[in-house]
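Notes for the one structure printed next.
The values are calculated or read from the model by the stated rules, or taken from the named source; none is laboratory data. Bear in mind the structure is a predicted one, so any value in this text is a computation, not a measurement. Note that each Cβ is placed from the backbone with ideal geometry, even for glycine, and that neighbours are counted across all protein chains shown.
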Amino acid sequence: MNDLLDRLRGLLLDTGYTIDGVRERLGDVAATALSREETVPALRATAGDDPLGTLIRLWWLGAAVDERKAPRGLPVEELAAAGLVGVEGGRITSTVHLQPWETGGYVVSDRKVRPGDPALRTDHVVGAGGASANLAQLVSRRPAGRVLDLGTGCGVQVLHLDGRAEEIVATDVNPRALELARLSWALSGIRGVDARRGSLFDPVPGERFDLIVSNPPFVISPAGRFAYRESGFRADDFCRDLVRLAPRHLAPGGTCQLLANWLHVGGEDWQDRVGGWLAETGCDGWAVQRDVQDPAEYVELWLRDAAEQGTPRYRELYEDWLGWFESENVTGIGFGWITLNDSGSLDPVVRVEEYGQRVELPVGGYVDEILGSITGAHRLTDAELLGARLALADGVLEERIGSPGAEDPERIVLRQTRGLRRSAQVGTVEAALAGVCDGLYPLDPLLAAIAELTGEDPGDLREKAPEGLRPLIAEGFFHISTG
Ligand SMILES: C[S@@+](CC[C@H](N)C(=O)[O-])C[C@H]1O[C@@H](n2cnc3c(N)ncnc32)[C@H](O)[C@@H]1O
C-alpha cells in the first residue's frame, strides 16, 4: 500500500495538485468560491480534460471523471483494489476527499456534505478545515519529544507536528478516522506514527507526553449524533474532562493545547466555569474566548455543517436542540483556545480572557512567551518588580488621542503591532516608562527620575507603579530583561 501511495503522491505533485497549483488552475473566483464550499465555479473551471483539472474534479470536487481523461500513470486499477476509487462504465469516482494541505502534504477524509446530499454517516471523518488550521496555528513551535494528537480525525495535526517531534501518538475513537489518517500520513510521506483507537486518554494509560494537542469533538448538543464533532458526553463535559485529565499525561514542563467550546449559563460567569476547569489542574493555564454565539446561531451553524438545512427533520432537530439549551439555562456558547503548562510551580497561574481581535500568526511562534509573561507578572513581588529591569516589547507603539492643540492628551494608548496585537490605555507614568525602559536600568531609579520630572511624590509612584505595570507585563507590553 505504501508503495502505491508513494507513487500516487509523486503523480499528484508532478501534475501540480498542490495548494498553489489548484488555486492557479481554478483562478481566483472559483478558488474563493470553493473556500466557501461552493463547487459550481470550480466544476465549470475544470470542465476541460487537462490532467490537473481532472484530478481536481475527482479528488476535491467529488465528480465522476472519464477514465480516458485520467492523467497518464494514475494507477486506477490498484487504487480501485485499495478501495480509493470506484470504476464503472468507464467513469472513475473517488470514495474519499483528497486535498493538498498547507504543509505540502495531503489530507484524506470523507467529502463534505452539501445540501441535497445523502445524510452524513455517523462515523463521518471530517476533512481539514478552519478549526484544524486554527489549532495548528496555536500549537507551540518548541521541538518536543513525545507528542499526542487526541482525536486525530483525518490526521491533519500530525502533518503539522511532523519534524518537530521525536515520537507521535495519534488517537481517535472512530476506527474509520484512523484508517483515513493513515492514508493522509502515507501520502504526505510521514512514517512511524503510532495510531491507537479509543476514547479520551484510554489509549495511553500511564503515558506522558511533552505536548498534547487536540481539536476535540467540542460541539455541545443534546445527543452525540456525529463522532466527528460530538463526543456524546453531557454538555461541555468532554472539553472539561480533557482539561482535567491532561495533566496526568503531561511530562514535567509539558504543554497541552486544545480548541474548546463552553457553555454560558444564566447566573454563572463563563470565566468562572472555564477558570474552574483550569484551576483544578495545578498547571499554569491560559484560556481565550475567541468568539461567542447565541444558542440559535450555534444550532443553525451545526445543522448547516451537516447539510441538514432544508431537510424534513430540520425543524424538529432545531427545536429539540434549542429546547435543550433552554432547559439547561444556556445563554451562549463560547469558542476558544486553552493552553496548559505543567510548570511544576506550587503557585500555578490561570488567566481566562475574552479576546476576539486578529492576531499575528502563527500564535505557536510566541505562545510560550505569552504564558511566560502571564506567570512572570503574577509571581513577581512588588519589591522584585521595582528591582527588575524592564524592556518595552518590540513593535509597541504609543498613540496619544486628544483635542487638536490641547497640551495634554485625553488618552494614551500602547498598541502592539506584533503577537496578539493588544492595546492598553495607560497613565502618564506607564507611558513615560514605555519611553525609557530598554532593559538597562532597574525600575526604581527610573521612577525616581520620572517623579523628579513630573513633580510627583517618589514614594507614591513607587507604591502605585507595580499595580499599573503588572497587567502590562502580563499582556506582553513590557518584558523583564534577563540579559
Ligand atoms: C473535530 S475532529 C478533529 C480532527 C482533526 N484532529 C483536526 O484537527 O481537524 C474531532 C475528532 O475527535 C474524534 N473523537 C470523537 N469522540 C472522541 C473521543 N471520545 N475520544 C477521542 N476522540 C474522539 C472524532 O472521531 C474526530 O475525528
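Going by the conditions given, is L135 within 16 Å of the ligand (Cβ to nearest atom), within 13 Å of the chain's Cα centre (by Cα) and among the hydrophobic types (A, V, I, L, M, F, W, C)? So L135 fits the description; yes. Within the stretch 325-358, if we keep just the residues that are out of contact with any strand residue (DSSP E or B) (no Cβ under 9 Å at 6 or more places or on another chain) and part of a loop (DSSP other than H, G, I, E, B), the residue that is farthest from L278 (Cα to Cα) turns out to be R358. For the stretch 1-56, filtered to residues that are closer than 25 Å to V126 by Cβ and of a type in the set (S, T, Y), the residue that is surrounded by the fewest Cβ atoms within 10 Å (Cβ to Cβ) is S35.
Has the stretch 138-153 got any residue that is within 9 Å of the ligand (Cβ to nearest atom) and at positive phi? Checked the stretch 138-153: at least one residue is within 9 Å of the ligand (Cβ to nearest atom) and at positive phi.
Under the condition of being more than 9 Å from the ligand (Cβ to nearest atom) and buried (at least 21 other Cβ atoms within 10 Å of the Cβ), the residues counted in the stretch 166-177 number 2.
Looking only at the stretch 130-158, which residues are farther than 19 Å from I338 by Cα and modelled with pLDDT under 95? Listed by number, the list holds a single entry, P143. May I ask you to list the residues in the stretch 358-399 that are among the hydrophobic types (A, V, I, L, M, F, W, C), under 13 Å from R470 (Cα atoms) and free of Cβ contacts under 8 Å to residues at least 24 places away in the same chain? Of everything in the stretch 358-399, just one residue is among the hydrophobic types (A, V, I, L, M, F, W, C), under 13 Å from R470 (Cα atoms) and free of Cβ contacts under 8 Å to residues at least 24 places away in the same chain, namely A383.
With respect to the stated conditions, V158 is of a type outside the set (D, E, K, R), within 11 Å of the ligand (Cβ to nearest atom) and either buried (at least 22 other Cβ atoms within 10 Å of the Cβ) or outside the structural domain of G62 (by TED's automatic domain parsing) (or both). When you look at L340, is it aliphatic (A, V, I, L, M), farther than 26 Å from Y441 by Cβ and modelled with pLDDT under 95, yes or no? Taking the combined requirement at face value, the residue does not satisfy it.
Yes/no per residue for (1) buried (at least 22 other Cβ atoms within 10 Å of the Cβ); (2) without any contact (Cβ under 8 Å) to a residue 60 or more places away in the chain:
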{"residue": "A70", "(1), (2)": "no, yes"}
{"residue": "A81", "(1), (2)": "no, yes"}
{"residue": "V87", "(1), (2)": "no, yes"}
{"residue": "Y106", "(1), (2)": "yes, no"}
{"residue": "T122", "(1), (2)": "no, no"}
{"residue": "L138", "(1), (2)": "yes, no"}
{"residue": "P143", "(1), (2)": "no, yes"}
{"residue": "R146", "(1), (2)": "no, no"}
{"residue": "L150", "(1), (2)": "yes, no"}
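Results for (1) farther than 18 Å from R351 by Cα; (2) surrounded by fewer than 18 Cβ atoms within 10 Å (Cβ to Cβ); (3) within 20 Å of the chain's Cα centre (by Cα); (4) in the same structural domain as G372 (by TED's automatic domain parsing), shown as yes or no for each residue.
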site: A251; (1), (2), (3), (4): yes, yes, no, yes
site: Q257; (1), (2), (3), (4): no, no, yes, yes
site: H264; (1), (2), (3), (4): no, no, no, yes
site: D269; (1), (2), (3), (4): no, yes, no, yes
site: A279; (1), (2), (3), (4): no, yes, no, yes
site: Q309; (1), (2), (3), (4): yes, yes, no, yes
site: E319; (1), (2), (3), (4): yes, yes, no, yes
site: N329; (1), (2), (3), (4): yes, yes, no, yes
site: I333; (1), (2), (3), (4): yes, no, yes, yes
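Taking every residue in the stretch 197-226 that is crowded, with 22+ Cβ neighbours inside 10 Å and in a strand (DSSP E or B) and pairing it with any residue that is at pLDDT 95 or above and among the acidic types (D, E), at least 6 positions away or on another chain, the pairs with Cβ-Cβ distances below 8 Å are V213/D149; S214/D149; F218/D236. Contact map, the stretch 153-165: first residue farther than 15 Å from A177 by Cβ and without any contact (Cβ under 8 Å) to a residue 24 or more places away in the chain, second residue away from the ligand (no atom under 14 Å from the Cβ) and outside any loop (DSSP other than H, G, I, E, B), Cβ cut-off under 8 Å, separation 6 or more or different chains; pairs are R164/A144. When the helices (runs of 4 or more DSSP H) confined to the stretch 1-51 are screened for residues that are over 28 Å from the mean Cα position of the chain (by Cα) and more than 25 Å from A82 (Cα to Cα), those reaching at least 3 such residues are found at 40-45.
Looking across L278, L317, L322, one residue alone is in a helix (DSSP H, G or I), modelled with pLDDT of 95 or more and in contact with an Asp or Glu (Cβ under 8 Å, 6 or more places away or on another chain). It is L317. Comparison of G232, G189 shows that the only residue that is within 13 Å of the ligand (Cβ to nearest atom) and at positive phi is G232. Quick one: would you say P100 is outside the structural domain of L55 (by TED's automatic domain parsing) and free of Cβ contacts under 8 Å to residues at least 40 places away in the same chain? So P100 fails the test. Given the structure, is R197 within 14 Å of the ligand (Cβ to nearest atom) and assigned by TED's automatic domain parsing to the domain that holds L245? For R197, the condition - within 14 Å of the ligand (Cβ to nearest atom) and assigned by TED's automatic domain parsing to the domain that holds L245 - is met.
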